[in-house]
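Step one of this worksheet: look at the structure below.
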Amino acid sequence: MTGEKEATVQDVVESRHLSVVIAAPARVVYDYARRPEHLTAWAAGLASGVTRDGDDLLTESPMGTVRVRFVADNALGVLDHTVTLPDGTEILNPLRVVPHPDGAEVLFTVRRLGMTDAEYDRDCAAVLRDLETLKGLLEG
């Protein structure tokens, strides 16, 4: 026994709210972010290829092929989407675009569901990189 603590999966549901401010009108950010053909440009953790399947999107991700369903187009900036993993697990991802004095704020809630501390930190870092990429594309 080396005395090192083994990484354990936490049963606690914890949420982190990650955000970036983008110097563009909220509606412009929302319209860009919700278009499937733009996902591959900014959502690296989700999409390296996107095809439509009815109302759903099928994307190639690091986890394999996943199914994504966004809420209907709306005037509130809500981009919530359910991701169905290859094993059938469904994960609701809250995502919002809200007006901000400097343009728009994009907020993504990352929930810790059965992850170790390290896995959760990596997931949050990946989401923040995606949001920063979105910012770069729209401010570019």
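Over the residues of the chain, the helix contribution to mean residue ellipticity at 222 nm works out to -8500 deg cm²/dmol, using -39500 (n - 2.57) for each DSSP H run of at least 4.
On full extension, the segment bounded by V28 and R129 gains 34.4 nm, given 0.36 nm per residue less the C-alpha separation. Contact order, relative form, for the chain: 34 percent (alpha carbon pairs under 8 Å, 6 or more residues apart, mean separation divided by residue count).
The phi-based Karplus calculation (6.51 cos²θ - 1.76 cosθ + 1.60; θ = phi - 60°) puts the 3J(HN,Hα) values of region 52-57 at 8, 9, x, 7, 9, 10 Hz, whole numbers, x for Gly and Pro. Subtracting the Cα-Cα distance of R122 and R16 from 0.36 nm times their residue separation leaves 36.9 nm of extension gain. Overall, the accessible surface of the chain at a probe of 1.4 angstrom is composed of carbon and sulfur to the extent of 53 percent. For helix 117-139, what angle does its Cα long axis make with the longest principal axis of the chain, in degrees from 0 to 90 and rounded to 10? Compared with the principal axis, the helix lies near 20 degrees.
With the Cα gyration tensor of region 14-140 giving a ≥ b ≥ c as the square roots of its eigenvalues, does the rule (a/c under 1.5 for rounded; else a/b larger than b/c for prolate; else oblate) give rounded, prolate or oblate? Oblate, since a/c reaches 1.5 and b/c is not below a/b.
Taking a ≥ b ≥ c as the square roots of the eigenvalues of the Cα gyration tensor, an a/c ratio of 1.5 or more together with a/b no larger than b/c marks region 50-117 as oblate.
What region 63-128 shows is 52 Å² of accessible area per residue, with the surface traced by a 1.4 Å probe over protein heavy atoms.
The values are calculated or read from the model by the stated rules, or taken from the named source; none is laboratory data. Remember, it's a predicted structure, so these values are computed and weren't measured experimentally. For accessibility, only protein heavy atoms count, side chains too; no ligands or nucleic acids. Shrake-Rupley method; radii C 1.70, N 1.55, O 1.52, S 1.80 Å.
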